Amino acid sequence: MPQAHAPVDGATSLGQALAAWFETAPGRYLLQWERDAFAEAVGDVFGYHALQLGLPQIDALAANRMPHRWLAAPEPPAGAPAGRIDLVTHAAALPFPADSLDLVLLPHTLELSADPHAVLREVERVLVPNGRVVIAGLNPASWWGVRQYRAHALARMGLGRSRLARLYLPEAGAFIGPWRLRDWLRLLSFEVERVHYGCYRPAVRSERWLQRFEWMDRWGPRWWPPLGAVYFIHAVKRVRGLHLLGPAWRPLRAASAPAVVTRRDGETTPSA
């Protein structure tokens, strides 16, 4: 079992805020969509060691068949089933050797991190060549992101008491757009294989209104795909400049047998 590090205070408070939001109607809606999306993403990924880093409210590795699977978190958060967390660790200092994991899941982990670049570098370190990472994040270009931005803007204008200034999402971490994240991954020699979006219903709070807009989840991927509230990025760690080398030795050619020349007098002599 990997050794665990102490929890980080900043990640602790942010994780608690996000855990509380997941108890709301839009939070439950998002969690259910992500359960299904992770099941699809990891079901056919093979290897030996897999790690889910964050979001203990769901078992994102449930559909994966690797023999060794761990759930790591910066703290034992409220709302997680007892015994679910295998280790408490800093996301930027994982207790795994280099090139040891085949799959890493980052469900909203980068948003809650004080240094998301360091987390990605650590993921690149622990992944084997051709290992996979799946990242889930909140999309700032979605209906939910626009409502959150509007609330922040009104608060800066001194209208914090206005109903429109009420935050829709928890004050937990910062948005990281998928376009920025793709650039970060490329700098670390990751190859982005797929980006897809989900949760197209508008930023409403009640279960009843979320159900009324259920049709938007059916039409969203076709008509306005980049406007989903959450995005998933699938990437593969590529190791540049590696190629297979042949043996350093070369087999010696077998010495050819000397040709025999027959003279007119009947005697034979070897040729040169």
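Tabulated results
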quantity	calculated
Exclusive hit being at pLDDT 95 or above and closer than 30 Å to ALA203 by Cβ, set LEU101, LEU159, LEU106, LEU167	LEU106
Condition met for ARG132 (in contact (Cβ under 8 Å) with a residue 12 or more places away in the chain and either outside any strand (DSSP E or B) or over 12 Å from the mean Cα position of the chain (by Cα) (or both))	no
Residue under evaluation PHE190, criteria (1) at pLDDT below 95; (2) surrounded by 12 or more Cβ atoms within 10 Å (Cβ to Cβ); (3) hydrophobic (A, V, I, L, M, F, W, C), criterion not met	(1)
Enumeration of residues in the stretch 127-143 that are under 30 Å from ASN64 (Cα atoms) and either modelled with pLDDT under 90 or surrounded by fewer than 21 Cβ atoms within 10 Å (Cβ to Cβ) (or both)	VAL128, PRO129, ASN130, PRO140, SER142
Failed item in (1) surrounded by fewer than 19 Cβ atoms within 10 Å (Cβ to Cβ); (2) at pLDDT 95 or above, with LEU120 passing the rest	(1)
Every pair of residues 6+ apart whose Cβ atoms lie under 9 Å, when the first sits in the stretch 213-228 and is among the acidic types (Asp, Glu) while the second is part of a helix (DSSP H, G or I)	ASP217/TRP33
Residue list for the stretch 189-238, restricted to those being in a loop (DSSP other than H, G, I, E, B) and either on the phi > 0 side of the Ramachandran plot or in contact with a strand residue (DSSP E or B) (Cβ under 8 Å, 6 or more places away or on another chain) (or both)	SER189, CYS199, GLY228, ALA229, ARG238
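The values are calculated or read from the model by the stated rules, or taken from the named source; none is laboratory data. Please read all numbers here as calculations on a predicted model, not as lab measurements. Neighbour counts are summed over all protein chains in view; Cβ atoms, including those assigned to glycine, are modelled from backbone coordinates with ideal geometry.
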